[in-house]
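A quick write-up on the structure given underneath.
The values are calculated or read from the model by the stated rules, or taken from the named source; none is laboratory data. Everything numeric here is computed off the predicted structure, so don't read it as measured data. Because the Cβ atoms are built from the backbone with ideal geometry, glycine has one as well, and the counts that use them run over all protein chains shown.
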Amino acid sequence: MLCCSLWGNDDCDWVSLPAAGSSGGILSIWRKSLGFIVFSFKGKRRLWNDILMTKNGFGDIVWCVVGDFNSVIEVTERRGVASDVLSHPSREMMEFRWFLEDLELVDMPLVGRQFTWFHQNGVAMSRLDRVLVSHDWARLWGNPNVWVDDRDVSDHCHLILRYDPADWGPKPFRFNNFWLENKHFTDLIVNTCESQNFTGWMGFILKERLKGLKLAIKRWSLEEYGKSEERKKMLVDSIKALDTKSEIVGISAEEVETRKCLFNDLYFHARVKSRRKSNSILALQTANGVTEGSTNVRQAAMSFFQQRYSNDEWARPNLDGVVFPMLSKENNSFLTAPFTLEEIERVVKDCDGSKCPGPDGFNFAFIKEFWELMKFEVRILFDQFHGNNCVPKCLMSYFLTLIPKVKSPQSLDDYRPISLLGCWYKLLAKVLASRLASVIGTLIPKTKSAFLKGRQLVEGVVAVNEVIDFAKKFRKDCVILKVGFEKACDSEDWGFLDYMLGRFEFSDKWRAWMKACVCEGNLFVLVNGIPTEEFQIKRGLKQGDLLAPLLFLLVATPFKYLGLPVGANPHKVSTWEPMLDVIRGRLGSWGNKYVSLGGRVVLLNAVLNAISIFFLSYWKMPVKVWRELVKIQRKFLWGGLSNHAKTGWVKWDDICRPKKEADLGLRNLLAKWRWKLLSHDHEVWKEIVTAKYDGDIIGKLAIGEVDVPRTASLWWQDICLLDVNGGWFRLAVGKKVGMGDSTSFWNEVWIGSQSLRQRFLRLYSVSTQQNEVIQSMGRMASGRWQWVLAWRQERKFGVFTFGICSLSPSVGTIRGVCVFKCLEECGAVQSLCVLLATAIGSDPNKG
């Protein structure tokens, strides 16, 4: 009777495990009459609704839901099925994701296997079985591990819920930026530095200084803030107190804002814990089977990367028969010039202060704050490096953190290794990378569009897609070869790198610097935040070191899949489904229980809009996709992604208006390519476009004047459509003449709002200088510019002469450049966004 009373009726059955000693017992109760229709979507909906009603009926208690849901939440959870099933998420998939979000439970990652169900054909497999736990479950009893056991006669694998009591060890020190807001923190750092007295090489002194500061900060933080769990408990108690007060007597506006801030703190705390759990490595699939346990997993990780970064000597081929460009003497002198304090300070200023620290534990937020205290010692460190061509070994240790590449990683091949460097070596590498980036463009061909300033990855996508479009339209034979480098940076041979530096004629001093930076280093692998034992690397480039991508350019051509399907039709919704699926998945992982409305606005602007930027930088979004994206954003803003109706308290058109107009400032983006076509820089994608369409499109403010062939690609048609509906781009952009050597006198808009050819067509028809630039239309005489205009017959100039007589090209060396006309108010990008918001409003057909 007790179980029936707990359940609420007698339609139940149960099984129990009694308590043993200090360990509590388990009572499991379920409804006997609950039916499950395996293949019916309607039946699944009914089951999901029953589970939701049951959970809501019991209230806010600890939950763990285990079972075969017979549904997946994303296409990556299936394999071996028809390609059309994997191409885009189904309605069932989306509704199942909404169901999991409404449950507000955490979907635990799997250990041991990626799939839990296998078809009898041995090809099709899916992840149908899940373990869902509430945040309170993990808070009270810790995070469980969901092991996928081997199957026998069943087509499903067993799921085993286990706990990992292993002690992974103490975590290394990490600087917290919020310490800088404490008024006593500056005095602590200054007093500690003044009490220190070290001698020796400056690298050793700086390393010991940070070591002493680390100990002092630890003691101070423990006294000042206490433990984080105690602070979290205080936040929860504060929320409960405000909730109780609001139910009885109401709370003030100030207390309402306080509660919102506390909820946001809890939300981000929950997100950090959830991310930490999903990134944790509890077991690994190795050649010897599944490895588990803290000691065994750490040893397996260490052995794996020791082997990856080892180097077997063998007779490597060389490239003696290939001709390479050579670095000039001037550039070599620039690279190896003495370091200046101004150069170092400029790099420090540009560094992101929120990046993860290396073994020393300090990020650049700390370095920036106390730069005046340390800058002269840092200058000495750079001078010693310049003179001795070596980096102190105490600065060359670094962490290797592992980022999952898939949802449920099984082996170390499923992780992406990223290097976390010490702050002093990172500063040195950034200064050297800044110098190298300034000259490497003279050595790297224009066909390479990655890792170089002024070149963008998506330029390669444009070039390849235009070639494929041409081959399809005109039925031409075409061969596309994609070369993939497996573990490219990790397998880089140091001897070959030095050989290539020599072939490019880098100086001996620079080559010695690169050997000191690249060919040295001791590595710790971070497993669940805990470092393994230190070991030495013998090959590879550090992913995370700014020198790595630039040096990689000198030995290989990077060509990677950029997330944009090559040759796809951007007008089909299925092309955009991967982007929409990522957005839905990201939103589904955010618990709306903790985040306030203001927090959701921040997340929409900072995270969601950024996901779609890469697609929009090349393709114009179809209206149907735009509406679906707005629908997703609107649902999340007003409370979540579930299928239940949500009340929108502000019109979406108003939400998307700029903040200066008293709205929320959410932005709805191809004009970048139009902007790049205004410059005369030689780029491969421009050469392809001009060869396909018109050689006279470079530098034109109005491409709409150019005839668009019917065989043009969809991308080029969308580019040309920017001049339709008023030609907002032409109105927004003007041209500064400069010396006048790159601006057409008659054909470009450089005075007024039209070209001189458009305004004075009769004069243009009798001019003998129709294709001349401004600079060749006159000369300097007695320090003043005089126009020299040539005509086929004499004319009275009138208004024409009056309009240009006061204008003259610059006598300096500034080339003509295109600028936004409204730069005085704000930056170029923001100016363009404001203009678009005014011009198109919420109608996607206009944009």
Residue match in segment 404-421 (condition: under 17 Å from residue 378 (Cβ atoms) and assigned by TED's automatic domain parsing to the domain that holds residue 309): yes
Of the criteria (1) closer than 19 Å to residue 46 by Cβ; (2) modelled with pLDDT under 80, which one residue 86 fails: (1)
Criterion: out of contact with any Ser or Thr (no Cβ under 8 Å at 6 or more places or on another chain) and at pLDDT below 70 - qualifying residue of 560, 572: 560
Residue satisfying all of: in segment 774-809; surrounded by 11 or more Cβ atoms within 10 Å (Cβ to Cβ) and of a type in the set (Phe, Trp, Tyr); modelled with the lowest pLDDT among these: 797
Qualifying positions in segment 320-349 - surrounded by 12 or more Cβ atoms within 10 Å (Cβ to Cβ) and not in a loop (DSSP other than H, G, I, E, B): 331, 332, 334, 335, 341, 343, 344, 345, 346, 347, 348
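Matching residues to (1) in a strand (DSSP E or B); (2) under 28 Å from residue 534 (Cβ atoms); (3) of a type in the set (A, V, I, L, M, F, W, C):
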{"position": "132", "(1), (2), (3)": "yes, no, yes"}
{"position": "147", "(1), (2), (3)": "yes, no, yes"}
{"position": "160", "(1), (2), (3)": "yes, no, yes"}
{"position": "170", "(1), (2), (3)": "no, yes, no"}
{"position": "173", "(1), (2), (3)": "no, yes, yes"}
{"position": "194", "(1), (2), (3)": "no, no, no"}
Residue within segment 213-230 that is at pLDDT 90 or above, closer than 19 Å to residue 376 by Cβ and buried (at least 16 other Cβ atoms within 10 Å of the Cβ) present: yes
Residue in segment 707-715 that is surrounded by fewer than 15 Cβ atoms within 10 Å (Cβ to Cβ), farther than 30 Å from residue 571 by Cβ, modelled with pLDDT of 75 or more and not assigned by TED's automatic domain parsing to the domain that holds residue 622 present: no
Filter result for residue 352 (touching a Cys at 6+ places or on another chain (Cβ under 8 Å), of a type outside the set (Gly, Ala, Ser) and not in a helix (DSSP H, G or I)): no
Test: residue in segment 110-130 that is in a loop (DSSP other than H, G, I, E, B), within 22 Å of residue 71 (Cβ to Cβ) and aromatic (Phe, Trp, Tyr): yes
Residue satisfying condition, being of a type outside the set (A, V, I, L, M, F, W, C), surrounded by 20 or more Cβ atoms within 10 Å (Cβ to Cβ) and out of contact with any helix residue (DSSP H, G or I) (no Cβ under 6 Å at 6 or more places or on another chain), within set 392, 417: 417
Within segment 762-773, tally of residues that are more than 18 Å from residue 739 (Cβ to Cβ) and buried (at least 17 other Cβ atoms within 10 Å of the Cβ): 3
Residue ID - modelled with the highest pLDDT, chosen from residues in segment 664-700 that are of a type in the set (Asp, Glu) and surrounded by fewer than 17 Cβ atoms within 10 Å (Cβ to Cβ): 687
Complete set of residues in segment 548-557 that are part of a loop (DSSP other than H, G, I, E, B) and modelled with pLDDT of 65 or more: 554
Selected residue (criterion: farthest from the chain's Cα centre (by Cα)) from residues of segment 66-80 that are modelled with pLDDT of 85 or more and among the acidic types (Asp, Glu): 68
